[in-house]
Amino acid sequence: MADRNVTTEPDPDRTLGRRELLTKWVPPLAAGVLLGGAGLALHGREGRHRPPDTRAIAVPPDWRVDPSASGRLATAGGQGPEANLRRALAALGGIEAFVRAGERVAIKPNCGWDRAPEQAANTNPELIAELVRLCLAAGAAKVTVVDSTCHDPERTFNRSGIAAAARAAGADVLHQGTAGTVLLDLDGSELGPWEVLQPIVEADRLINVPIVKHHSLARATVAMKNWIGAVVGRRNSMHQRLPQVTAELGAAFRPTLTVVDATRVMVDGGPTGGSLDLVRALDQVAVTTDQVAADAWGASLLGVAPRELPHLQIAARLGLGNVDWSSLRVEA
Amino acid sequence: MAQPKPGGGGWKRWRVRTRHWRVLSQSLFLLAFVALFWGLASTLFHGKLASILLALDPLTAVGTALAEWTIPHWAWLGLAVLALTAVLGRFFCGWLCPLGTLQHLVSSLGGPSRRARVEANRYRPWFALKYLVLTVLLTWAALGSEHLGWLDPIPLLHRAFAAGIRPLWHGGLMPAGWVSCGLLAAILLLSAWMPRFYCRALCPLGALLGLFARLAPLRIRRDDDSCTGCKLCLMPCQGADEPLGEHRVSECHVCLNCLAGCGEDSLRYGLAAPGQAVTTPALDVGRRRFLLSVVATAAIAPVLRVSGSGLAARSYDAIRPPGALAEDAFLARCITCGACVASCPPGAIVSDIGRSGVEGLFTPVLVMRRGWCEPSCTRCGEVCPTGAITTLDPKAKQAIGGPAEVTIGTAFLDRGRCLPWAMDTPCIVCEEMCPTSPKAIWLDRVETTRKDGAKVVLQRPCIRPELCTGCGLCENRCPVGEQAAIRVSSVGETRDPANALLQRRNARV
């Protein structure tokens, strides 16, 4: 090779030194090796923009204290949300039976709309604050009040009174804009992988605190439907098969406790309401370990029987709880 | 090889013949380009063979490597071209590039006169603009926004054929075709003013090859003793690389015209003579100008993303070909060559202007009034050189016996325009055409009385979204003129879980 090149040179007296030859061919050879290496490393790779891997994801944890225990339900009324909560909770053994020292507690209110407490579209803020205080008194390491709102989250948490009341009671307040999410498999026939609010996934104990309301599609919305606020994403597609989705949410999220707020109840125009004419002051609270019973009790306040709610039939079939709430009743 | 002596017959003949070999190579590659395009468009050539010249383009490999961290299919061929360029110089520009050949042809036939060519073929510092063009496009690519195809000569020419020239007799004209052809016409006209103006001053591929050519040991060498400085070599010079002065190897197209042009046999193409100093003149791109381009481009990139619809908001009428990757991966790979546009037998795929945002300029979208997506056809994915559109199983989008694995959108009925719904006039064309089984369009039978008292039985079309594949045959055949009464929109496309319509288990997968 070298000889042949040399013979074509105009000055045949000189020969190409080995070093000279090397300096001429090193740069192109290095480029070739580099390009070949890049080609071998990158050829046929999948590429960097990949769809999220949804195969090996976890299912939600079970937040119940004793999954084998049969459900119990206690109600209290007439003394304002704070006293009602304390009395009903005492009938089930007090908060100490559910929250132990050092545990992280997540509280999931219904905080969806830019509405004041009087309009009864969101859970009562005094009830939330009292629950926070009780959990902290029981030794909870941390209490987080968290929801994924429908209206603007800051506005909603402020207008509902929940942000101020919960913070004053010592809780952290987070929403979909400030909390992270974790992709979990909700493992239903309708519900697959969904992004779930991180404070809920990380909590040792989870307390659902829904408000009883009229709902244009579900008729009554209480406990299980409140889990729509635990997830973020294309929630607007859930309404295509709402009863099945509601029951599957109930199967995916098994809370430590359900505290049902019926201090003020929106009897029509739900779930947003607005007019005070739609609100009745019932001043009641129920505390239960059975979310099916919670839904049945709440619906009864709106005059809706369990058999009129298809999601309760599905939930009962899935073995999520007892529709006959009165049979679970513990006197407060 | 025989031992040619300077000034001897053999060497001289060889030098003259190199030009003939080059013209032959240029002709063959231009012919191959046209033949492959014709084969692709007429469905004669299958698979990646139909788009092999696009894979031979080094920017295809470099662009997807930067934007998507992969080198797809046959694009590794481009890396081989780059490696060879590091030895031979920009042979691609002088011997292969069909756009270069076309410019060469135009400037030979209608370019400056022989005397004016000495001036026209002088090197200008602003020829370094192409390195900034390359910098801008590579910076974008590294940020995941691949737009090399806008100016890369092979996709540019291919797109002009696919979207501009072929629609003259097949499938109807499209705006992007006029833009692409306008660009092509401007490039060719400019080459009549200055030979290979585009290659010299603007071409990002030429710039990339120029960078590798700086390493080349084989290049034009001048014998200073015999050179008289007559400037004859400048007359046919394609690259404006100053064979007479300090030879700029990064600009040289290796056309070898200067060898034959020299009256004194002072020029040769080969290795440096022993002891001869090898100097490679610096590029006329200052470090500051380079850094400024990178920073400015990086700053603009996000603006490019959010403008129009692009990724931020999905556009209802940006319906991507079947098998297209999710939008971010799709945009990172698509080189806007128009291979899918030319390959689509019903002619539904167009090169886009306006539907998919600034970032989606010249990317493929389907327009159902032009054509439809044939259920068993997977041609756009087969010919796509970068895998922006994957090759589907022919069964994947047919929806025979149940919902399809791959859908590109969903049909929506406009009851205010539909004949049986709005005008008491019988029509069942969309239902008749619907190719899925069971049909995604079913007929609701009603009896009604018209204003004139006549009783009429109507069959009103209704849609089952879970069965619809978005193929658009209904929209294509709807008798309601300009705007059909049934129209496909991109919602429900399986490539983008966030653009899903229905609540389904594992909707994200």
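The values are calculated or read from the model by the stated rules, or taken from the named source; none is laboratory data. Model, not experiment: these values are computed from the prediction. Cβ sites come from the backbone with ideal geometry, for glycine too, and all protein chains shown count toward neighbours. In case anyone asks, the SASA skips ligands and DNA or RNA and just uses the protein heavy atoms, side chains included. Shrake-Rupley method; radii C 1.70, N 1.55, O 1.52, S 1.80 Å.
Peptides B:155-164, B:340-349 ranked from most to least packed give B:155-164, B:340-349, packing being the mean of other C-beta atoms within 10 angstrom over each peptide's residues. In order along the stretch B:413-427, the phi-based Karplus estimate (6.51 cos²θ - 1.76 cosθ + 1.60, θ = phi - 60°) of 3J(HN,Hα) comes to 9, 9, 5, x, 10, 6, 4, x, 6, 9, 10, 6, 10, x, 6 Hz; Gly and Pro are listed as x. Amide H contacts of A:Val143 (H built 1.01 Å from N, in plane; Pro and chain starts excluded): A:Val105, A:Asp172 sit under 5 Å, all sequence-distant by 5 or more or on other chains. Under a 5 Å amide H cut-off, with hydrogens placed 1.01 Å from N, A:Leu73 pairs with A:Arg329, A:Val330 among residues at least 5 apart or on other chains. Inter-chain neighbour count for B:74-87: the average number of beta-carbon atoms from partner chains within 10 Å of each residue's beta-carbon is 5.
Using only side-chain charges placed at the Cβ, +1 for Lys and Arg and -1 for Asp and Glu, the dipole size of the stretch B:59-201 relative to its Cα centre rounds to 680 debye. Accessible area per residue for the stretch B:162-229, computed on protein heavy atoms with a 1.4 Å probe, is 39 Å².
Nearest 10 degrees is fine. How inclined is helix A:291-301 to the longest principal axis of chain A, computing both from alpha carbons? Once rounded, the angle reads 50 degrees. Net charge in the neighbourhood of B:Thr448 (other residues with Cβ under 11 Å of its Cβ; Lys, Arg +1, Asp, Glu -1) is +3.
Any idea which of B:Val34, B:His46, B:Asn121 is furthest toward the positive side of the dipole for chain B, if Lys and Arg beta-carbons carry +1 and Asp and Glu beta-carbons -1? Result: B:Asn121, furthest along the dipole toward the positive end. Computed from backbone phi, the HN-Hα couplings of the stretch B:333-347 come to 9, 5, 9, 6, 7, x, 4, 5, 4, 6, 7, 5, x, x, x Hz, rounded to whole numbers (Karplus: 6.51 cos²θ - 1.76 cosθ + 1.60, θ = phi - 60°; Gly and Pro given as x).
For B:Gly357, the residues whose modelled amide H falls within less than 5 Å of its own, excluding neighbours fewer than 5 places apart on the same chain, are B:Ser309, B:Gly310.
Taken residue by residue and averaged, Cβ atoms of other chains lying within 10 Å of the Cβ of A:24-33 number 6.
Partner chain Cβ atoms within 10 Å, averaged over the residues of B:143-156 - can you pull that number for me? Walk me through the numbers on the way to the answer.
Details: counts 0, 2, 0, 0, 0, 0, 0, 0, 0, 0, 0, 0, 0, 0.
Mean shielding by partner chains, rounded to a whole number: 0.
Between the residues B:Ala411, B:Thr390, B:Thr436, the greatest Cα displacement towards the positive end of the dipole of the stretch B:373-438, with unit charges on the Cβ of Lys, Arg, Asp and Glu, is found for B:Thr390. The portion of the accessible surface of chain B made up by carbon and sulfur, rounded to a whole percent, is 63 (1.4 Å probe; DNA, RNA and ligands excluded). Rounded, prolate or oblate: which fits the stretch B:30-141 when a ≥ b ≥ c are the square roots of the eigenvalues of the alpha-carbon gyration tensor, with rounded for a/c under 1.5 and prolate only if a/b beats b/c? Oblate.
When peptides A:127-138, B:196-207, B:459-470, B:180-191 are sorted by average Cβ neighbour count within 10 Å, with the highest value leading, the order is B:196-207, A:127-138, B:459-470, B:180-191.
Near A:Gly321, once Lys and Arg are set to +1 and Asp and Glu to -1 for all other residues with Cβ below 12 Å from its Cβ, the sum equals +1.
Straight-distance candidates among the lysines for linking to B:Lys451, with alpha-carbon spacing under 28 Å and chain neighbours fewer than 8 residues away dropped, are absent.
Let me have the 222 nm mean residue ellipticity of chain A computed from DSSP H runs of 4+ only, each contributing -39500 (n - 2.57), with the sum over all residues rounded to the nearest 500.
Values: 10 runs with 105 residues, N = 332.
Theoretical 222 nm ellipticity from helices: -9500 deg cm²/dmol.
Report the normalised scattering of the protein assembly as shown as log10 I(q)/I(0) at q = 0.05, 0.08, 0.09 Å⁻¹, calculated by the Debye formula with identical scatterers on the alpha carbons. Taken in order of the listed q values, log10 I(q)/I(0) reads -0.43, -0.84, -0.94. Only protein heavy atoms count here; under a 1.4 Å probe, B:Leu44 has an accessible surface of about 100 Å². Placing +1 on the Cβ of every Lys and Arg and -1 on the Cβ of every Asp and Glu, with nothing else charged, gives the stretch A:57-328 a dipole about its Cα centre of roughly 160 debye.
Between the helical axis of B:9-41 and the dominant principal axis of chain B, each derived from Cα atoms, what acute angle in degrees is found, rounded to the nearest 10? Relative to chain B, helix B:9-41 is tipped by roughly 0 degrees. Principal-axis analysis of the Cα atoms of chain B puts helix B:98-110 at an angle of about 60° to the longest axis.
Give me Rg over Rh for chain A, both radii from the alpha carbons and Rh done the Kirkwood way, two decimal places. Don't skip to the end; give the middle numbers.
Values: Rg = 30.3 Å, Rh = 22.2 Å.
With Rh from the inverse mean 1/r over Cα pairs, Rg/Rh is 1.37.
Electrostatic tally near B:Cys93: other residues with Cβ closer than 15 Å to its Cβ, Lys and Arg +1, Asp and Glu -1, net +4. Here chain B is treated as a Stokes sphere of Kirkwood radius computed over C-alpha pairs; at 4 °C and 1.567 mPa s its diffusion coefficient rounds to 51 µm²/s. Selection among A:Thr123, A:Val287, A:Val231 by position relative to the dipole of chain A gives A:Val231 as farthest towards the positive end (Cβ unit charges, Cα centre).
Nearest 100 Å² is fine: what is the total accessible surface buried where chains B and A meet, probe 1.4 Å? Walk me through the numbers before you get to the answer.
Details: alone 22320 and 16040 Å², together 34660 Å².
Summing both chains' loss of accessible area gives about 3700 Å².
Taking 28 Å as the cut-off for C-alpha to C-alpha distance, list the pairs among A:Lys142/A:Lys225; B:Lys48/B:Lys397; B:Lys48/B:Lys439; A:Lys225/B:Lys397; B:Lys395/B:Lys439 that go past it. Write down the numbers at each step before the final one.
Working: A:Lys142/A:Lys225 26 Å; B:Lys48/B:Lys397 21 Å; B:Lys48/B:Lys439 34 Å; A:Lys225/B:Lys397 36 Å; B:Lys395/B:Lys439 16 Å.
Pairs exceeding the cut-off: B:Lys48/B:Lys439; A:Lys225/B:Lys397.
Sequence-ordered 3J(HN,Hα) estimates for the stretch B:428-445 from the Karplus curve with 6.51, -1.76 and 1.60 and θ = phi - 60° stand at 9, 4, 4, 5, 4, 6, 3, x, 7, 9, x, 5, 7, 10, 10, 10, 9, 8 Hz, glycine and proline given as x.
Calculated accessible area for the stretch A:57-328 comes out at 35 Å² per residue, all protein chains present (probe 1.4 Å; ligands, DNA, RNA ignored). For the stretch A:57-328, the share of accessible area belonging to carbon and sulfur comes to 47 percent (1.4 Å probe, ligands and nucleic acids excluded). For the protein assembly as shown, the Cβ-based charge dipole about the Cα centre amounts to some 2660 debye (Lys, Arg positive; Asp, Glu negative; other atoms uncharged). Legend: residues B:Asp223, B:Asp414, sorted from most to least accessible area (1.4 Å probe; ligands, DNA and RNA excluded), read B:Asp223, B:Asp414. Computed packing ranks the peptides B:426-432, A:36-42 as B:426-432, A:36-42, most packed first, by mean other Cβ atoms within 10 Å.
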